[in-house]
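The structure appears right after this line, and notes come after that.
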Amino acid sequence: MKLEEVIHKLEEKVKRPLPGKEGQVKMAPQPLDNARFAQHDLTYAREGAVLILLYPNGNDCWIPFIKRPEYDGAHGGQISLPGGKKEEADTNLQETALRETEEEIGVPAQDVQVIGKLSQLYIPPSNFLVTPYIGFVEQMPTFIPDPREVSRVIQCDFKTLLDHNARKETTIQARNNTKIHAPYFDIDAEVVWGATAMILSELMVIWEK
């Protein structure tokens, strides 16, 4: 599936009302943490942003993910989209997504053309309210991962996300020793679950509608 085709379709679809929870919940861990969707006061939540970066690889459209280094924290060792918390110097969350992407995987912010954004998602374990943006670059990037934040860059063909056989389920041992039933995307033998899977789920609902 060519980059131009994906951009054209998504650019039009993200202008329409977004599915939000309807799309996110399809890949939400169970038991469902309703704090993700409760309309409670998020004044004290930390703001963050991530980037769904589309790029050409041969004749196809691809997306990069990052694997976090192992550390004693809420997201150690997990697969995520490039992104992070908003800094005081960021004028808006789109700037946050682009800056973090450049810092983490070396894609220059000025090379990325943003076409829209998805619904915000609250992540209770880290108290982040995350806004996902969609952007693209016209040439395949040279990824330069920051070893402090990225142990591996995972490149994923967009067609993999569309393949329902790549959507699986597993049991995850949480940090508090509870077991979570987690739907996930099987991407390059990695388990992409949690908030990242929920963001991708909304993207796929938008695409498939």
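The values are calculated or read from the model by the stated rules, or taken from the named source; none is laboratory data. Every value quoted in this text rests on a predicted model; they were computed, and no experiment measured them. Here Cβ is always computed from backbone atoms with ideal geometry, including for glycine, and neighbour counts include all displayed protein chains.
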key: region 16-43, subset part of a helix (DSSP H, G or I) and in contact with a helix residue (DSSP H, G or I) (Cβ under 6 Å, 6 or more places away or on another chain), residue modelled with the lowest pLDDT   = 35
query = Just for region 167-188: of the residues that are modelled with pLDDT under 95 and assigned to a loop (DSSP other than H, G, I, E, B), which one is nearest to residue 24 (Cα to Cα)?
reply = 174
task = All but one of (1) in contact with a strand residue (DSSP E or B) (Cβ under 9 Å, 6 or more places away or on another chain); (2) more than 21 Å from residue 121 (Cβ to Cβ); (3) of a type outside the set (Gly, Ala, Ser) hold for residue 199, so report the exception by its number.
result = (2)
message = Quick check on region 58-71. Is at least one of its residues out of contact with any helix residue (DSSP H, G or I) (no Cβ under 9 Å at 6 or more places or on another chain), closer than 16 Å to residue 2 by Cα and either part of a strand (DSSP E or B) or not polar (S, T, N, Q) (or both)?
response = yes
message = When you scan region 172-187, do you find a residue that is surrounded by fewer than 19 Cβ atoms within 10 Å (Cβ to Cβ), within 14 Å of the chain's Cα centre (by Cα) and of a type outside the set (D, E, K, R), even just one?
response = no
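With the requirement that a residue be part of a helix (DSSP H, G or I) and without any contact (Cβ under 8 Å) to a residue 24 or more places away in the chain, what does region 78-114 give you?
Of the residues in region 78-114, the ones part of a helix (DSSP H, G or I) are 93-105, 109-111.
Hits for region 78-114 are 95, 99, 102, 109, 110.
Please verify whether region 59-70 includes one or more residues that are within 21 Å of residue 19 (Cβ to Cβ) and either in contact (Cβ under 8 Å) with a residue 12 or more places away in the chain or not acidic (Asp, Glu) (or both). Before the answer, list the steps.
Initially, region 59-70 is screened for residues within 21 Å of residue 19 (Cβ to Cβ), giving 63.
Filter once more, so that each one left must be either in contact (Cβ under 8 Å) with a residue 12 or more places away in the chain or not acidic (Asp, Glu) (or both): 63.
The answer is yes; a qualifying residue exists.
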note = Quick count over region 24-61, residues being closer than 27 Å to residue 141 by Cβ, of a type outside the set (Ser, Thr, Tyr) and within 19 Å of the chain's Cα centre (by Cα), is 11
ask   = For region 70-85, does any single residue satisfy the condition of being under 19 Å from residue 206 (Cα atoms) and either crowded, with 17+ Cβ neighbours inside 10 Å or not aliphatic (A, V, I, L, M) (or both)?
value = yes
inquiry  = Looking at region 140-162 only, could you name the residues that are out of contact with any strand residue (DSSP E or B) (no Cβ under 8 Å at 6 or more places or on another chain), farther than 14 Å from residue 68 by Cβ and surrounded by 12 or more Cβ atoms within 10 Å (Cβ to Cβ)?
reply    = 144, 162
ask   = Among the residues of region 138-148, is there at least one that is at pLDDT below 95, closer than 30 Å to residue 41 by Cα and part of a loop (DSSP other than H, G, I, E, B)?
value = no
